[in-house]
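Computed from the coordinates by the stated procedures, all read-outs in this text should not be read as laboratory data. Just so we're clear, the structure is a prediction, and the values are computed from it rather than from any experiment. Every residue, glycine as well, gets a Cβ built from its backbone with ideal geometry; the counts of neighbours run over all protein chains shown.
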Amino acid sequence: MTAAVGIGYRDCMTYTNAQRDFRDKDTAYAELVSELTGLIGGERDAIANAANSAALLFDALPEVNWVGYYFLRDGELVVGPFQGKPACVRIAMGAGVCGTAAQRRQTLIVEDVQNFPGHIVCDPASRSEIVVPLVAGQRLLGVLDLDSPRPGRFDAADARGLERLARRLVPAIAAAGSDAAE
Ligand code: SME
């Protein structure tokens, strides 16, 4: 059940899958934070870390069809590394679930995207969504966005777990959010 992620990724060790039992979400997310720490290692390249962390989450989390980043660039969100179907490239601050979470700088859980006014449809299979803002000090870097084909897939335990992951991710991807003035 526990994956042997953690050492040697700079040297291209083979990844063993991170899928786990998410019935105890707090424990599973705590394990994922450890795996993420190993996966990042001492790597400082933001794109590498964003790409590998999106892949880790997409592989580890059950019932997700899109996991990835939107980074703040010149006042709008621009898609970054992700796993899933091709997605809309630019999202205005305040627009959709991502832009709303970014503007409020608050995690947003949407139980049914069809009931969220202004929801931006990328993959029509998506039925629920969680968006976690990524903030370094006062600076908004962007958001981490996860979609699920199951309505009500994300709850407060997911928000807690993903916020813990985000705290670990922020220093590893800080260079990817380029709006220093935001
Ligand atoms: N649904 C998002 C758009 C991004 S995709 O889900 C990948 C939104 O409403 O902001």
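Across the range 152-169, coupling constants 3J(HN,Hα) worked out from phi with the 6.51/-1.76/1.60 Karplus curve, θ = phi - 60°, read x, 5, 9, 9, 5, 5, 5, 4, 4, x, 5, 5, 5, 4, 5, 5, 6, 6 Hz, and Gly and Pro carry x. Among residues other than D21 with Cβ under 15 Å from its Cβ, the summed charge is -4 (Lys and Arg +1, Asp and Glu -1). Summary value for the chain: 23 percent relative contact order, contacts being C-alpha pairs under 8 angstrom separated by 6+ residues. Remark on V135: its backbone amide H falls under 5 Å from those of L141, a criterion applied only to residues 5 or more positions apart or on other chains, H modelled at 1.01 Å from N. Every Cα-Cα pair in the range 65-106 was counted, and those over 17 Å apart are 25% of them. Only alpha carbons enter this Debye calculation for the range 39-118, each as an equal point scatterer, and the log10 of I(q)/I(0) it gives at q = 0.12, 0.20 Å⁻¹ is -0.39, -1.04. Please report the base-10 log of the normalised intensity I(q)/I(0) for the chain, using a Debye sum with one equal scatterer per alpha carbon and no solvent, at each q in 0.14, 0.16 (1/Å). Calculated log10 I(q)/I(0) at the listed q: -0.70, -0.93.
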